[in-house]
Amino acid sequence: MSKQNYKVFWDEALNIIRQEYKSQNQEDEFNLWFKMEYLEDQENEIKVLIPSEFMWNQMNTRGYVKNVKQKLSELTGQDIEISAVIKNKIQSYEKKPENPISEAEKTEENNINLQKKEVKSEEISQPLSIKKHPQLHENYTFDTFVPGENSDFAYSVCLAASKEPGRKYNPLLIYGGVGLGKTHLMESIGNYIYNNSQGTMKICCVSSEDFTNEFTSSIRNKTTEKFKQKYRNMDVLLVDDIHFLQGKEQTLEEFFNTFQALEKKKKQMVFTCDRPISELKGVEERMRSRFSKGITMDLQPPNYETRRAILEKKLEIMQKHIPEDVVDYIARNVETNVRDLEHCLTNMIAYSELVNKPITIEVAQNQLHDTFNQVNDGSITIEIIQKVVAEHYNITVRELTGKKRTPKISMPRHIAIYIAREMVGYSFPELGNEFGGRDHTTTMNSYEKIENLLKTDSGLNSTIEMLKREIKEYRK
């Protein structure tokens, strides 16, 4: 550490730059490209934590680092260098790590007669000798997962559980809509534990459908004891899509017994689901109680900044490049999930390579227009909204649109009206007609009731977001 603490100057420099971007209505650009977290300083040098080597190179190429240096010079009267440590996806940076970065390599930057530092982080996230587990996707690791506001908590918990399997945060339940990264996080835990144990820990990753089929087969073939021994002797059990177990009483009983046996041995368990355990039908209270002892994490759709970062990370992994305005175009128009983001990106790259044509914003607009407008092409109707909401609350559509005002029915009705207004833009008189011929003031009151509740009720917000995802994914 230097005698001069530059932290206050660093904060002021970034604050000035933020205000400049904000005045030009470019705050999103600032949030994306100035992700430099102050770590420490030395004589005439500030060390920062940055998301990735790709982002650091982009920050330098685009002049953002130079901008910060100029502001620091104005505030301190000194020329201060900025060096970087690449953000590690597995272990948090400590203030005094041993050899946190490799020796900086000086490179000449395009059109700038200035030497800058390009640094690489020490590879500590995964062991040097990577072992592949037969049931796990080798690309599903913490390094390839891009956390954001929608997933920071889940990412941190999963990472902590990986370091102390069975002793911390057990069991884990990750829930959310399709394509948000549930399976990616779950398998990242498996890959991390498997590699750090050098393959000595017994890890099983299975879908609920395969678990059910295997259990049914064991009954038919009279090999249930073998089935029990297999699952109850695991060190780590990863089960995907446990909502598939709804209504399968005998399988649920065996699932609970396996859960109980592993819990007693303090073995790590991780599950994914499309909804909270409390909303699964046919799940006994004893199972809900077991899950309440662990951690439940809700994954939401990523915001704009996270969507941009995901696309940049994907391009970095693929070692591909597409113009910045095309990346921005995709990030701004795909708001659903990570899977859809990656689908659009890979489609664009595949198209470009197939027709040997460079990717431009015009090409992207032409090729992705139909994909972006899929949600707004009339596929979402008031009937679908009513059906999904009614099924979620275990009532009929007739009850939802009828005259009864019991709490069991009125709250789902308020929610359905709110979602219909948000997703298909119906006017209040139109909503009144669709919900049993109600007056427009009644539907307006329903909408405002939910709007006000959402300001204080995070649980209701999660439920509505989940219902919206189900509506978007609904197929007649």
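The values are calculated or read from the model by the stated rules, or taken from the named source; none is laboratory data. The structure displayed is predicted, hence computed values, not measured ones. All Cβ positions, even for glycine, are placed from backbone atoms using ideal geometry, and neighbour counts span all protein chains on display. The area values use the complete protein model at the heavy-atom level, side chains included, leaving out ligands, DNA and RNA. Shrake-Rupley method; radii C 1.70, N 1.55, O 1.52, S 1.80 Å.
Residue check: Ile359 meets all listed conditions (1) over 30 Å from Leu467 (Cα atoms); (2) exposed (fewer than 15 other Cβ atoms within 10 Å of the Cβ); (3) at pLDDT 85 or above but one, namely (2). Looking only at region 347-356, residues that are open to solvent by 50 Å² or more (accessible area, probe 1.4 Å) and either in a helix (DSSP H, G or I) or hydroxyl-bearing (Ser, Thr, Tyr) (or both) come to 6 in all.
Scanning region 161-204 for residues that are under 26 Å from Asn150 (Cα atoms) and over 20 Å from the mean Cα position of the chain (by Cα) gives Lys163, Glu164, Pro165, Gly166, Arg167, Lys168, Asn170, Ile193. Scanning region 311-321 for residues that are touching a residue at least 24 places away in the same chain (Cβ under 8 Å) and surrounded by fewer than 21 Cβ atoms within 10 Å (Cβ to Cβ) gives Glu312, Lys313, Lys314, Leu315, Glu316, Ile317, Met318, Lys320. Of everything in region 409-438, what is within 20 Å of Leu454 (Cα to Cα), at pLDDT 90 or above and not aliphatic (A, V, I, L, M)? Give them in sequence order. Correct list: Ser410, Pro412, Arg413, His414, Tyr418. Taking Thr463 as the residue in question, decide whether it is assigned to a helix (DSSP H, G or I), modelled with pLDDT under 90 and of a type in the set (Val, Ile, Thr). So Thr463 fits the description; yes. As a summary of the residue check, Glu324 satisfies the conditions (1) closer than 18 Å to Asn31 by Cβ; (2) open to solvent by 30 Å² or more (accessible area, probe 1.4 Å); (3) in contact (Cβ under 8 Å) with a residue 40 or more places away in the chain; (4) not aliphatic (A, V, I, L, M) except for the one numbered (3). Cβ separations smaller than 8 Å between residues 6+ apart or across chains give the following pairs from region 215-239 residues that are of a type in the set (A, V, I, L, M, F, W, C) to residues that are open to solvent by 70 Å² or more (accessible area, probe 1.4 Å) and not in a helix (DSSP H, G or I): Met234/Lys202; Val236/Lys202.
Scanning region 180-220 for residues that are among the aliphatic types (A, V, I, L, M) and either in a loop (DSSP other than H, G, I, E, B) or open to solvent by 30 Å² or more (accessible area, probe 1.4 Å) (or both) gives Leu180, Met201, Ile219. Kindly establish whether Arg421 is charged (D, E, K, R), within 29 Å of the chain's Cα centre (by Cα), more than 25 Å from Cys273 (Cα to Cα) and open to solvent by 60 Å² or more (accessible area, probe 1.4 Å). Against the criterion (charged (D, E, K, R), within 29 Å of the chain's Cα centre (by Cα), more than 25 Å from Cys273 (Cα to Cα) and open to solvent by 60 Å² or more (accessible area, probe 1.4 Å)), Arg421 qualifies. Taking the criterion of being under 17 Å from Val424 (Cβ atoms) and surrounded by 13 or more Cβ atoms within 10 Å (Cβ to Cβ), the residues of region 452-476 that qualify are Ile464, Glu465, Leu467, Lys468, Arg469, Glu470, Ile471, Lys472, Glu473, Tyr474. Hey, any hits in region 428-443 for a residue that's open to solvent by 30 Å² or more (accessible area, probe 1.4 Å), within 25 Å of Asp298 (Cα to Cα) and not aliphatic (A, V, I, L, M)? Scanning region 428-443, I find no residue that is open to solvent by 30 Å² or more (accessible area, probe 1.4 Å), within 25 Å of Asp298 (Cα to Cα) and not aliphatic (A, V, I, L, M), so the answer is no.
For region 146-163, the set of residues classified as under 18 Å from Ile203 (Cβ atoms) and either of a type in the set (Phe, Trp, Tyr) or open to solvent by 70 Å² or more (accessible area, probe 1.4 Å) (or both) consists of Lys163 only.
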